[in-house]
Amino acid sequence: MKIFNDFDQVGSIRNAVVTTGSFDGVHIGHKVILRRLKKLAEETGGETVLITFDPHPRKVLYPETSGKELYLINSQREKIELLRKAGLDNLIIVKFTLEFSRTTSVDFVRCILLNKIHAKKIVIGFNHHFGHNREGDYEKLHHLGQQYGFEVEEIPEQDIQHEAVSSTKIRKALLEGNIQKANAYLDHHYIIMGLITNSKPVLQEIGFPSFTLRIEEESKLIPPDGVYAITAYYDEIPYRGMCFIKKRGASSIDALVEYYLLDNPEASAGNTVTLFFHKRIREEKPLETAEDLRKQLLLDKEQINELIF
């Protein structure tokens, strides 16, 4: 997958099949769009393109209201990795500013999608809006397509158990600790990628050799305090484990994310790890002594052993 941070870097893309959006979570609805892009590109000998934004538009447009407390399912690095796994050919990450937000839907199509990307086909999600004040929609795209000679396709809304999937609903499920519901909407496990730090893990002191993961972005969504069943991946090698989360402030970077590997407690490979979350085992419990904590962790370990085969 090629990654560009400026439209002028893009160069030539063969028969570009394009979509646009934040794609936070790269959830099941996003994957339907990406699969359709890939199929259309294969039929025309073209390449798939996603135009996405950083920071999230809401952070720029509403910094003191809805953007202030917006936590994202994925960090930038996580989203890039998920898009790479989905088979995307070209990712264009646009720096979203107030100036860029004033781009009209017509200018976005003419100046960017046509003049810069030379789009042949454009695929959008259900009820997608774009351009200044969200004025652009499927009907406007369809009209412009007839005028400028490109095709437009809208993907229907995706449902899970008769409930529409959205990044907003996934964030809500994660903030409630409902990992399994979030995973169903995502169509993959919720993940945290980060650096393994050299801090002094609490669990080391009671016989549970563990590692601490450093959160990379302050707006990364972290589930509530508690114990979670996870799989830790080092260089594509999976290790079953349990993760302990304790938030210590409004910023996600301050959260304590500590994990213990069940099968090979001493295993380590490099400085980075990806944690795949399966289920929240329990909320945080106030325990009076280190021995109480050790006994509780043994019970947690037994429960996770039954959950993750």
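The values are calculated or read from the model by the stated rules, or taken from the named source; none is laboratory data. If you're wondering where the values come from, they're calculated on a predicted model, not measured in any experiment. Here Cβ is always computed from backbone atoms with ideal geometry, including for glycine, and neighbour counts include all displayed protein chains. Each accessible area value is taken on the protein alone, full model and side chains, heavy atoms only, with ligands, DNA and RNA left out. Shrake-Rupley method; radii C 1.70, N 1.55, O 1.52, S 1.80 Å.
Brief remarks on what is shown
- Shown for region 33-159: the carbon plus sulfur share of the solvent-accessible area, taken with all protein chains present and a 1.4 angstrom probe, equals 48%.
- Estimated FRET transfer efficiency when R0 is 25 angstrom, pair LEU175-THR197 (beta carbons, to 0.05): 0.55
- Mean projected area (nm²) of the alpha-carbon convex hull when region 13-73 is viewed from all directions: 4.6 nm²
- The residues of the chain have, on average, 50 Å² of accessible surface per residue, using a 1.4 Å probe with all protein chains present.
- Highest-fluctuation residue, THR231, THR65, THR103 considered, GNM on the chain with Cα pairs under 10 Å: THR65
- Dividing the Cα radius of gyration of the chain by 2.2 N^0.38 Å, with N the residue count, gives 1.11.
- Virtual paramagnetic centre 7 Å along Cα→Cβ of LEU61, amide N under 19 Å, in region 75-97: 93-97
- Placing pseudo-labels 7 Å out from each Cα toward the beta carbon at ILE253 and GLU99 gives an inter-label distance of 2.6 nm.
- Put simply, the Cα atoms of region 213-291 extend 34, 32, 21 Å along their principal axes, the longest span coming first.
- Rounded Å value of the spacing that divides the Cα centres of region 114-188 and region 217-251: 28 Å
- When restricted to Cα atoms, region 36-99 yields an Rg and a Dmax of 14.7, 46 Å, respectively.
- Full extension of the chain between ASP292 and ARG110 yields a length gain of 59.0 nm, computed as 0.36 nm times the residue separation minus the alpha carbon distance.
- In a DSSP loop and with at most 11 other Cβ atoms within 10 Å, the GluC sites (Glu not before Pro) in region 32-101 are GLU64, GLU69.
- Calculated mean residue ellipticity at 222 nm for the chain: -8000 deg cm²/dmol, from DSSP H runs with n ≥ 4 weighted as -39500 (n - 2.57), summed, divided by the residue count and rounded to 500.
- Cβ charges +1 (Lys, Arg) and -1 (Asp, Glu), total dipole of region 75-171, debye: 480 debye
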